[in-house]
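Some notes on the structure that comes next.
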Amino acid sequence: MTTPKEHDLYQRGLLKTRASLWGRIKGVFVGKASVGEPELEQLEEILITGDVGMHYTMKLVEDLRRSVSEHLTDTQLRSYLQGWIEGVVSIEGARRKDQRSHPAPGQPRVTLVVGVNGTGKTTTIGKLAHRFKGRGLSIMVVAADTYRAAAVQQLQIWAERSGARFTGGQEGGDPAAVVHDALTSASRYGIDDVIIDTAGRLHTKEPLMRELEKIRTVAGRIVGGAPHEVLLVLDATTGQNALVQAREFVQAVGVTGIVITKMDGSARGGILIPIAGELGIPVLYVGLGEGIEDLVEFDPKEYARGLIGD
Ligand SMILES: Nc1nc2c(ncn2[C@@H]2O[C@H](COP(=O)(O)OP(=O)(O)O)[C@@H](O)[C@H]2O)c(=O)[nH]1
Ligand SMILES: [Mg+2]
């Protein structure tokens, strides 16, 4: 269940997408005496330019064509679209078997956060640390992005803000060694949750994937079953590019959950539909702003209401 505050965050965060998607759809359908092919074609175009992707656009238009008689009121159309979107992202998004594992009692739960530079990994970790803290858990965040001193510092600032413990290496240090030391001390101190920040330099894809693999191996050696969760962070404003990135990471590093950030930053919030649909990996969180509170657990109903409605 979402709280009223989270409902508002969805509504506010998805404003741009809603204005573009529902705003245009309404313009096509409302006040029409009947729904015919010209309207359905226009709907198709709105959905495709709204990043919903060819596959789900065709499916939606086909379903609508079949289930709708001539006349469609504004309210009927709205609830039809909301229900359709909610169904697709919840059913399709959970198609794969849950890949998450659980730590043994007394061991920390280890989350590895991966994704391309600039997608919002470090920010998301800060927000997650704050969330988990709010549940009374002890948190450690780990800077395994050791290529830039600024990246390490940025995570340290988020650790201070959220009240999490911080571990980071020297600039240029070995990320796997940082993870080794961090997990050793997290186990010793009885930390509940460890969240690991990683580098995401796209231009060196193969070494990056190898490095992530090395981090995985080292983590599993220190804490049984770690990483228990691998979160892939995708930037909604990059549209179809996010899907391309997702395929690469899923193939290379075994992703267990997805975070889609910057849903508030553009009218491209529709991209969540093909991401959830194609990958079949659950979208766990969405980023709806830059602040520490602007990360919510993904809720298909709130998402659908944020996209379609007045
Ligand atoms: N509007 C908005 N901006 C975000 C969100 N998440 C991250 N950002 C911004 O995206 C930029 C890159 O984030 P960062 O965490 O440094 O990305 P990283 O390189 O993947 O670690 C920063 O300016 C963040 O404030 C979000 O959900 N909404
Ligand atoms: Mg970062």
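The values are calculated or read from the model by the stated rules, or taken from the named source; none is laboratory data. Remember, it's a predicted structure, so these values are computed and weren't measured experimentally. Don't worry about glycine lacking a Cβ; one is built from the backbone with ideal geometry, like all the others, and counts go over all protein chains shown. SASA here: full protein model, heavy atoms, side chains in, ligands and nucleic acids out. Shrake-Rupley method; radii C 1.70, N 1.55, O 1.52, S 1.80 Å.
Each of L137, L288 has its accessible area taken with a 1.4 Å probe; listed largest first, they run L137, L288. Placing unit charges on each Cβ (+1 for Lys and Arg, -1 for Asp and Glu) gives segment 98-224 a dipole about its Cα centre, and among G168, H130, Q153 the Cα reaching farthest toward its positive end belongs to H130.
Once the C-beta distance of T75 and A33 is scaled by a Förster radius of 25 Å, the resulting FRET efficiency is 0.95 to the nearest 0.05.
Net charge around I275, counting only other residues with Cβ within less than 14 Å of its Cβ (Lys, Arg = +1; Asp, Glu = -1)? So the surrounding residues net to 0. Can you tell me the orientation of helix 15-29 relative to the chain, as the angle in degrees between its alpha-carbon axis and the longest Cα principal axis, to the nearest 10? Once rounded, the angle reads 20 degrees. A simple rule links phi to the HN-Hα coupling: the Karplus curve 6.51 cos²θ - 1.76 cosθ + 1.60 with θ = phi - 60°, which for segment 266-271 gives 7, 9, 9, x, x, 4 Hz, with x for Gly and Pro.
With a ≥ b ≥ c the root eigenvalues of the C-alpha gyration tensor of the chain, is it rounded (a/c under 1.5), prolate (a/b larger than b/c) or oblate? Mind dumping the intermediate values first?
Values: a/c = 2.41, a/b = 2.17, b/c = 1.11.
The shape class here is prolate.
Mind telling me which of I157, I196, I271 comes out most flexible in a GNM of the chain, alpha-carbon contacts under 10 Å? Comparing I157, I196, I271 in the GNM, the peak value goes to I157. Once the Cβ-Cβ distance of Q153 and K5 is raised to the sixth power relative to R0 = 45 Å, the FRET efficiency obtained is 0.90.
One chain, two ends: I48 and V244. Fully extended at 0.36 nm per residue, the span grows by 68.9 nm beyond their Cα-Cα distance. Excluding I260 itself, calculate the net charge of residues whose Cβ lies under 14 Å from the Cβ of I260, where each Lys or Arg counts +1 and each Asp or Glu counts -1. Within the 14 Å Cβ shell, the charges total -4. Only the Cβ atoms of Lys and Arg (+1) and of Asp and Glu (-1) were treated as charged; on that basis the dipole of segment 144-188 about its Cα centre amounts to roughly 180 debye. Between helix 74-91 and the chain there is an angle of about 30 degrees, using the helix long axis and the longest principal axis of the Cα atoms.
At the residue level, K26 shows approximately 60 square angstrom of accessible surface with a 1.4 angstrom probe and all protein chains present.
Ignoring everything except DSSP H segments at least 4 long, calculate the 222 nm mean residue ellipticity for the chain; use -39,500 (n - 2.57) per segment, divide by total residues, nearest 500. Walk me through the numbers before you get to the answer.
Working: 12 runs with 161 residues, N = 310.
Theoretical 222 nm ellipticity from helices: -16500 deg cm²/dmol.
In the chain, the longest principal axis of the Cα atoms and the axis of helix 240-253 are about 40 degrees apart.
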